[in-house]
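Report on one structure; see the data block that follows.
The values are calculated or read from the model by the stated rules, or taken from the named source; none is laboratory data. Not measured: the values here are computed from a predicted model. Positions of Cβ are generated from backbone atoms using ideal geometry, with glycine treated the same way; all protein chains shown enter the neighbour counts. Heavy atoms of the whole protein, side chains included, go into the accessibility calculation; ligands, DNA and RNA do not. Shrake-Rupley method; radii C 1.70, N 1.55, O 1.52, S 1.80 Å.
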Amino acid sequence: MSSCRVGLRLAACLLNISEARKKYVVENIAKAALLERNGQRHPEVSVLNIFSDPEYNRSVITIAASIDELGNSVLAACLEAFQSIDMEIQEGIHPCLGAVDLIPIYPLSGVGVEECGAVARSLAENLIRSVPGCSVFLFGEADLPEKRPLVQRRKQLGWFTRRDFSSLTPDLGPAPARRCGLTGSQCGFFFCFGF
């Protein structure tokens, strides 16, 4: 993807998934972000980096695209993650509860944080429609009107100390029942926001 074009409006997503030990799964999720619906490589989407931590069993896939395409690319990657990661057997140090558990969207060029928030909110709504049982907690520019930061949301929810998440009320979707991905119980648990 060339950023030399005049007026190119770019944003990036640092998609956090609950897998690092199965390289082929992580690579397939990254590849899903690069493809258009017809299976052809999308010219305005790039995977800039994949960072995997085997101890945490968590990877961060950095996806950059035009603001108009980023939501669809991230949605495709999320759907692949939900289909590929079995949370019933997932193990790692990080307190993850879903196949996808963090979807931050950042402005890169010619895009404001408000637009990133709108993309994050639209992505969350598309995931709720596409993934039965998906629970979403919004923050940052996607969390309107409060715009609560991630740290505040995690503290409110008891993210690192809570063991029973079923009493939580997500911003979108039903209360999370347990750790899950599409493999098994068809739900995800994640935070979605725009910076």
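Results, tabulated for the structure shown:
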quantity: Accessible area per residue, Å², region 54-162 with all protein chains present, probe 1.4 Å; calculated: 40 Å²
quantity: Accessible area in the full protein assembly, largest first, 1.4 Å probe, for Ile50, Ile29; calculated: Ile50, Ile29
quantity: Relative contact order (%) - criterion: Cα under 8 Å, at least six apart; region: region 1-79; calculated: 41 percent
quantity: Simple spin-label estimate for Asn49 and Asp68 in nanometres, 7 Å along Cα-Cβ; calculated: 2.9 nm
